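A quick write-up on the structure given underneath.
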Amino acid sequence: MPLHAENFQVNPESLGPGTEVGSWRVVERLGVGGFGAVYRVEDLARPGEFYALKLALRPGDARAEREVTLLMVKAVHPNVVRFHACGRWPHPRTGSLYFVMDWVDGWPLDTWAEEVNPTFRELAQAAGKLALAFHALHGAGVRHRDVKPVHLLIRRADREPVLIDFGIGDYVGAATITEQPVPPGTLHLRSPESLRFHRANHGRPGARYEYQPTDDLYALGVSLFRVLTGHYPFPPHLPPDMLYLAIEGQTPPAPADFNRRTPRALSDIIMRLLAKKPQARYATGAELHAALMSAVSFGNPAAWEASLFEWEDAAGTESPSGDDARQRIRRPEWPTSSSTPPAPRLVIAPSLPFARRLARGDVKASEQEPPPVAPPRQQRLRSRVPVVPVLFVVVVGLAALGAWLLEFGPVSSAKGSAPLSDVVPPPAPFREVAPKEALPEAVPVTAPPMVEAIAVAAARAATLTKEDAPVMKESKPHASALKKSGMKAMGVAGACLNLACSGPQVRPAPPPEDCPPGADEAMKELGIRLGDAQVFVFDVIKGEPHVITVREGNAIVRLGDEWKGLRGGGLLYGKLHLADRVYGRFTWLRVNKGRTYPVCIELLSGDRKHGLERKPGSDADSAIIWTTGRANPVDRFE
């Protein structure tokens, strides 16, 4: 028998099953917040169809009215919960406002991470879609202001992320509701700048914090940190004053520093989201999306296909859903110290002549160079002895080393003899890093993702950078030193120098490579046929086509709408390879509607030749090319 409001005292936060609210029947209560209660309801006109109904706890609540305006008009997006109907109950004029939305059967973002244990690729794709949703909302003047894992749902049916609960949301032009300096929210998800404003303006009448898109993106970064590590960057249980100080002044450990499975590029992106200054974060959701897609595209596929956590046996324990859990994630422990290995050091044999001079103190203090400072994000080879800056001493030492090797064989040390390859450590293995635009402090966040000279890609492991390679210039002291060492030693020293500072060479063409998973299906869905090459232009180009200078690394090109599935065109994300020609391989396509698809598209010149022609004036590290060409869909990069 249906329950009617006139038969009992209405309590909006505790409606029983069977209660009829307008044309909806309550099935169960989903949750209660500070301003409203949410119920799963059934449509009386269509039995079996279920929705979510939110009922304001108090009649005339301006928050509920603003939330209806947001969902019905302002915050319309495929990854935002969809609005269906609204009304007042129990009286159509004086009752509490209610509105009906999709019932999203899914997991909160952190619960999804711990129960499903998805791959890093799946997490990056979900985060990228949320980033585009925020980009669209912020562009419409909407601020969510309560971003946290429980409001970021992953729908069970299709694993799509859905943003819910705009209860304290706001939009440009909306009336002010509260009298507080900062809007309501969850303390451990507030941005550092909002806390600074609150501290500086507490008690000042009329002071209002202007919430920015970077506040929402900061809270998204906190949520993703929680997902990747099982911890919040700043413990919510701290006393408020300590939590204030931590958020404003402390930098948490990077996710990759204690969840070692995390790709470094993803860890860097999240740390940029948590930057203390809003100018150092991504300015828009579109920038965040581009950084995530680039990181996935250019990273080690095996690392991105790994699950977020390790599984461990949990037989006999109860899962959050109430079932007997056979497995559960192994939550990483909060790090107590850094375990980053130290930079490799160059060990120089103590028997070298100039090393003996240094050990005896024969070299004047004024001739000795102070210890070098390692630049950020690079590993430098360091010596156990001071380095003499005068270049001829380096040449003399190398020449003497060559002669000594010819006379006595392998380098000797206190631990016995070892080949030279054991004394000079091999280059550090390639570490996956975020694209330049994804790193904190790398570039101003207002800068476009590419400039006319495209950012240089990370150097290959076996290649020394120009900064690492010594600069050699012929001069009389060098020549005399070599002459004294003999022609035999000069030949060996020359070989050593060539190994250390060989000039940049034109790289070979990239090897064959498989397309990313799902590219074939996505291109079919978009109506992109193999071999159907269409015109592209580099995304930064304005005006008529001309020539530009590019470097090896990440690139973005813009497509027209020639392919039938691309109404309004789209952006291709990929990488340029410099060889005899400039080869482009693009693995992600973002259409103007905001969706992102894996693709497999290579660049052809205007006359449909493989790769783009290098124009006169190109060198080994850069190429001058025409700004347009053809984007050719393939089933494998050859």
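The values are calculated or read from the model by the stated rules, or taken from the named source; none is laboratory data. Predicted, not measured: the structure shown is a model, and the values here were computed from it. Don't worry about glycine lacking a Cβ; one is built from the backbone with ideal geometry, like all the others, and counts go over all protein chains shown.
Which one of these is buried (at least 16 other Cβ atoms within 10 Å of the Cβ), under 30 Å from GLY584 (Cβ atoms), touching a residue at least 60 places away in the same chain (Cβ under 8 Å) and more than 12 Å from the chain's Cα centre (by Cα): ALA283, ALA275? Before the answer, list the steps.
Working: ALA275 fails: under 30 Å from GLY584 (Cβ atoms).
After applying the criteria, what remains is ALA283.
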**Complete:** Of GLY185, GLY230, GLY167, GLY221, the only residue that is in contact (Cβ under 8 Å) with a residue 40 or more places away in the chain, over 26 Å from the mean Cα position of the chain (by Cα) and crowded, with 17+ Cβ neighbours inside 10 Å is GLY167
**Request:** Go over the candidates GLU49, GLU122 one by one and state the one that is among the acidic types (Asp, Glu) and under 27 Å from SER294 (Cα atoms).
**Result:** GLU122
**Complete:** Of (1) under 26 Å from VAL222 (Cβ atoms); (2) buried (at least 16 other Cβ atoms within 10 Å of the Cβ); (3) of a type in the set (D, E, K, R), GLU20 fails just (1)
**Complete:** If we take the range 65-117, then strands (runs of 3 or more DSSP E) inside it with 3 or more residues that are farther than 16 Å from LEU153 by Cα and not β-branched (Val, Ile, Thr) are 83-89, 96-102
**Item:** Breaking point among (1) part of a helix (DSSP H, G or I); (2) without any contact (Cβ under 8 Å) to a residue 40 or more places away in the chain, for ARG196
**Value:** (2)
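Residue-by-condition table, conditions (1) at pLDDT 95 or above; (2) not β-branched (Val, Ile, Thr):
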{"residue": "LEU187", "(1), (2)": "no, yes"}
{"residue": "HIS198", "(1), (2)": "no, yes"}
{"residue": "PRO205", "(1), (2)": "no, yes"}
{"residue": "TYR211", "(1), (2)": "no, yes"}
{"residue": "TYR218", "(1), (2)": "yes, yes"}
{"residue": "ALA246", "(1), (2)": "no, yes"}
{"residue": "THR251", "(1), (2)": "no, no"}
{"residue": "ASP257", "(1), (2)": "no, yes"}
{"residue": "MET271", "(1), (2)": "yes, yes"}
**Request:** Kindly establish whether VAL38 is surrounded by 17 or more Cβ atoms within 10 Å (Cβ to Cβ), within 18 Å of VAL104 (Cβ to Cβ) and free of Cβ contacts under 8 Å to residues at least 24 places away in the same chain.
**Result:** yes
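Across the range 278-315, what is the number of residues that are part of a loop (DSSP other than H, G, I, E, B) and among the polar types (S, T, N, Q)?
First pass over the range 278-315, keeping only residues part of a loop (DSSP other than H, G, I, E, B): 281-284, 299-300, 306, 308-310.
Restricting the remaining residues to those that are among the polar types (S, T, N, Q) gives 284, 300.
Going through the range 278-315 one residue at a time, the tally reaches 2.
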**Asked** Within the range 569-583, how many residues are closer than 23 Å to GLY139 by Cβ, touching a Gly at 6+ places or on another chain (Cβ under 9 Å) and either among the aromatic types (Phe, Trp, Tyr) or surrounded by fewer than 20 Cβ atoms within 10 Å (Cβ to Cβ) (or both)?
**Response** 1
**Asked** What are the residues in the range 201-234 that are on the phi > 0 side of the Ramachandran plot and touching a Lys or Arg at 6+ places or on another chain (Cβ under 8 Å), if any?
**Response** GLY230
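Residue-by-condition table, conditions (1) crowded, with 22+ Cβ neighbours inside 10 Å; (2) modelled with pLDDT of 85 or more; (3) touching a Lys or Arg at 6+ places or on another chain (Cβ under 8 Å); (4) not β-branched (Val, Ile, Thr):
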| site | (1), (2), (3), (4) |
| --- | --- |
| ASP539 | no, no, yes, yes |
| GLU544 | no, no, no, yes |
| VAL557 | yes, yes, no, no |
| LYS564 | no, no, no, yes |
| ARG585 | no, yes, yes, yes |
| CYS600 | yes, yes, yes, yes |
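Would you point out which residue out of VAL162, VAL147 is assigned to a strand (DSSP E or B), crowded, with 19+ Cβ neighbours inside 10 Å and either touching a residue at least 60 places away in the same chain (Cβ under 8 Å) or among the hydrophobic types (A, V, I, L, M, F, W, C) (or both)? Explain how you work it out, then say what you get.
Working: VAL147 fails: assigned to a strand (DSSP E or B).
Within the list VAL162, VAL147, the selection yields VAL162.
Taking strands (runs of 3 or more DSSP E) that fall entirely within the range 541-638, which contain at least 1 residues that are touching a residue at least 12 places away in the same chain (Cβ under 8 Å) and among the acidic types (Asp, Glu)?
Values: elements: 547-550, 553-559, 570-578, 582-591, 596-604, 623-626, 628-633.
Ranges flagged: 596-604.
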